[in-house]
1. Extending each Cα 7 Å along its Cβ direction at ILE184 and ILE29, get the distance between those two points in nm, one decimal.
2. With 23 Å as the limit, write out which pairs from LYS48/LYS163; LYS58/LYS146; LYS48/LYS146; LYS58/LYS163; LYS58/LYS88 have Cα-Cα distances beyond it, or answer none.
3. Using the crude model of +1 on Lys and Arg Cβ and -1 on Asp and Glu Cβ, and no other charge, please compute the dipole size for segment 54-187 relative to its Cα centre, in debye to 20.
4. Taking all protein chains together and a probe of 1.4 Å, list ASP92, ASP56 from the most accessible to the least accessible.
5. Give me the distance in nm between label points sitting 7 Å out from Cα along the Cα-to-Cβ direction at GLU52 and LEU171, one decimal.
6. So, with a 1.4 angstrom probe, what is the percent of accessible area on segment 55-189 that is carbon and sulfur?
7. Just to verify a number: what accessible area does ARG51 come out at with the full protein assembly present, 1.4 Å probe, Å² rounded to tens?
8. Considering only the other residues whose Cβ falls under 11 Å of the Cβ of VAL129, what net charge follows from Lys and Arg at +1 and Asp and Glu at -1?
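The values are calculated or read from the model by the stated rules, or taken from the named source; none is laboratory data. Remember, predicted model here, so these are calculated numbers, not experimental data. With ideal geometry, Cβ positions are generated from the backbone for all residues, glycine too; neighbour counts draw on all protein chains shown. Accessible surface areas use protein heavy atoms only, side chains included; no ligands, DNA or RNA. Shrake-Rupley method; radii C 1.70, N 1.55, O 1.52, S 1.80 Å.
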Amino acid sequence: MEPLKLMIRALRIGGVNLRLIYWVIFVIIVISLVVTGCTKNNESIIEKIQREFPADFKNEGIIHAEIMGNGLLIFFKSNNGVGAGFFKQQSDNWDWVTGTGYASFSPDAGLSISHSNSDENSLYFSYGVITNPDIFEVQSMGDRAKIVQMSIGTRIWFITYEKSIGQAGFLPQIRGLSKEGEQIVTIPD
C-alpha cells in the first residue's frame, strides 16, 4: 500500500495535480489544431472559389457567401454592380454552375433587383441592393428576404423560391417596406 501512496504523492507537486496539467495541455493542442487546420493546403474556400470565376464574370471580390442546397451562392462586387454566382463542390475544388446579371449599386428607387430562374439547376432566387435607409424589410410572393449588411457600407438582400418564378415580364413583385410595414417601393410597380 505504501508504494501506491508514494505514486499518488508524486503526481502532486506543490498541490497541483499533474493529470490536470496534462489534460489542459492536451486540450490546448487539440484546440490549436482545430483553429489552424490540420491540412497542408491553407487556401480558403473563398480563395478557391475566386479562382474558379469564369473570365467573362469580372469581379472585384466576393462580398457574401451563403450555403444554398448543395452548393454556395456567392455575391460579388463588379463595376456593373452586385452579381451572383452558384458553385458546387467537386472533391477539393469548387465548380462554377451558373451566374446572373447584375443588380445596381445605386438604384434610383433605393432598391435594385436581379433574378435567377435556372430550371437546369433548380436555382430560383431574387436579390439586389438596398440604398434607401428607410427600407427595413424586402418581401416577395409573401416571403421575407434575408438582408445582409456588407462591410463595404451597403446592404444586399436575397430571397429563394422553391419553384420557377416566371418568365421575363412576369417575374415576382418585390416590395421594400419601412420598419412600420409601410410600402416604400415596389418593383415592378
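1. Inter-label distance under the simple model: 5.5 nm.
2. Numbers: LYS48/LYS163 30 Å; LYS58/LYS146 25 Å; LYS48/LYS146 25 Å; LYS58/LYS163 29 Å; LYS58/LYS88 19 Å.
From LYS48/LYS163; LYS58/LYS146; LYS48/LYS146; LYS58/LYS163; LYS58/LYS88, over 23 Å: LYS48/LYS163; LYS58/LYS146; LYS48/LYS146; LYS58/LYS163.
3. Working: 9 positive and 14 negative charges, 27 e Å.
In total the dipole reaches around 140 debye.
4. Details: ASP92 95, ASP56 120 Å².
Ranking ASP92, ASP56 by accessible area, largest first, yields ASP56, ASP92.
5. 2.5
6. Numbers: 3150 of 7130 Å².
Using a 1.4 Å probe with all protein chains present, segment 55-189 comes out at 44 percent carbon and sulfur.
7. ARG51 has an accessible surface of roughly 120 Å² with all protein chains in place.
8. Once positives and negatives cancel, what remains is +2.
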